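Asks: For reference, the structure I am asking about is given below.
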Amino acid sequence: QEMLNVCTNYGKEYDVMFNPKKTQCMKFSTNSSKDTNIYVKLCDQQLSWVNSFKYLGNWVSNTLSEDIEIDRKLGVFFGNVNNLKTTFRNIGRKNLFILFNSYCCHLYGSQAWRLRDKNISRMYTAWNKAVRHLSDIPYNTHTRFLPYIVDTLNIKEQIYIRSAKMIKSMLVSKNNSVRFLARSNVNNKLTIIGENWDVINCCVELNQSVNSAK
């Protein structure tokens, strides 16, 4: 409340308008129930508490689960795939998958996903089904062949690379606060940054072991 008072007073002094109706509170916890016993105000108006909210086009949950975000991403993904299949079915497979990679698989915001969240595997499955559907190949075609059909990395590798690039950019950021945040959390597996970095490293080590065995 003291921090919100600073905002209120700053707004009054410098004629800055804050909109309490567009401001919401969320408590991050493994317990998904809302805490309605805490009352905070902005510009003398009480703020509401929510379990999730949309920020910069992506949904954030108070449990840090990716379920809501993946649900919405899947809805858009399947809609785009079906639209692509019906509208551009006669343009040839090569051109079809160029459109698929650019139009259906933008993966906006995936850099911030928790890579160990089980909900993300639903996106992997959806991508595999979409490639088979657009290719008119049997539903049981092994997933190892699908990236060659689409001429790109599979979606799991794409997401891992996006996450790794974001963490790397934070580690070398010119912004001191961002750089400090990244460096202090990258080796802490209790944070999302540290957890994702560990997942990526484990995946790289596993691939190197497999390639060495071959």
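The values are calculated or read from the model by the stated rules, or taken from the named source; none is laboratory data. As the structure is a computational prediction, the values presented were derived from the model and not from experiment. Here Cβ is always computed from backbone atoms with ideal geometry, including for glycine, and neighbour counts include all displayed protein chains. These accessible areas exclude ligands, DNA and RNA; they are computed on the full protein's heavy atoms, side chains included. Shrake-Rupley method; radii C 1.70, N 1.55, O 1.52, S 1.80 Å.
Asks: Under 5 Å between amide H atoms, partner at least 5 residues away or on a different chain: which partners does TRP49 have, H built in plane at 1.01 Å?
Replies: It is CYS25, by chain and number.
Asks: Lysines within cross-link reach of LYS174: Cα-Cα under 19 Å, excluding same-chain residues under 8 positions apart?
Replies: List returned: LYS165.
Asks: Could you give me the ³J(HN,Hα) list for the range 58-68, computed from phi with Karplus coefficients 6.51, -1.76, 1.60 and θ = phi - 60°, whole Hz, x at Gly and Pro?
Replies: 10, 8, 10, 9, 5, 8, 6, 7, 9, 4, 5
Asks: Continuing with this model, one more query. What percentage of the solvent-accessible surface of the chain, computed with a 1.4 Å probe over protein heavy atoms, is contributed by carbon and sulfur atoms?
Replies: It is 54 percent, rounded to a whole number.
Asks: Around LYS41, under 15 Å between beta carbons, what's the net of Lys plus Arg minus Asp minus Glu among the other residues?
Replies: Cβ neighbours under 15 Å give a net charge of +1.
Asks: Once Kirkwood radius over Cα pairs in Å is worked out from the coordinates, which option in (1) 19.1; (2) 22.2; (3) 20.5 does it equal?
Replies: Recomputing Kirkwood radius over Cα pairs in Å here picks out (3).
Asks: 222 nm [θ] for the chain, helices only, -39500 (n - 2.57) per DSSP H run of 4+, per residue, to 500?
Replies: Value at 222 nm, helices only: -16500 deg cm²/dmol.
Asks: Another question about this same structure. Taking only protein heavy atoms and a 1.4 Å probe, what accessible area per residue, in Å², does the chain have with all protein chains in place?
Replies: 67
Asks: So who's got an amide H within less than 5 Å of the one on ASN119, skipping anything under 5 residues away but keeping other chains? H placed 1.01 Å off N, in plane.
Replies: So ASN119 has HN proximity to GLU66.
Asks: Given springs between every Cα pair under 10 Å in a Gaussian network model of the chain, which of TYR139, TYR148, TYR14 has the largest fluctuation?
Replies: In the Gaussian network model the winner is TYR14.
Asks: Which angle between 0 and 90 degrees, to the nearest 10, do you get for helix 155-171 versus the longest principal axis of the chain when only C-alpha atoms count?
Replies: Taking the Cα atoms of the chain, the angle to 155-171 is about 40 degrees.
Asks: Further, regarding this structure: Using R₀ = 30 Å, calculate the FRET efficiency as 1/(1 + (r/R₀)^6) where r is the Cβ-Cβ separation of ASN101 and ASN175; round to 0.05.
Replies: 0.40
Asks: So how do 117-125, 154-162 stack up, highest first, on mean other-Cβ count within 10 Å?
Replies: Descending mean neighbour count gives 154-162, 117-125.
Asks: A further question follows. Under 1.5 on a/c is rounded, so check that first for the range 106-214, then, if it is not, pick prolate when a/b is larger than b/c and oblate when it is not; a ≥ b ≥ c are the square roots of the alpha carbon gyration tensor eigenvalues.
Replies: Verdict is prolate for the range 106-214.
Asks: Further question: Which angle from 0 to 90°, rounded to the nearest 10, does the C-alpha axis of helix 192-213 make with the longest principal axis of the chain?
Replies: In the chain, helix 192-213 runs at an angle near 20 degrees to the longest axis.
Asks: Kindly express, to the nearest 10 degrees and within the range 0 to 90, the angle between helix 176-185's C-alpha long axis and the longest C-alpha principal axis of the chain.
Replies: With rounding to tens, the tilt is 70 degrees.
Asks: On to the next question. Determine the alpha carbon to alpha carbon distance for each of LYS73/LYS156; LYS27/LYS118; LYS73/LYS189; LYS54/LYS156 and list only those over 20 Å.
Replies: Result: LYS27/LYS118; LYS73/LYS189; LYS54/LYS156 exceed 20 Å.
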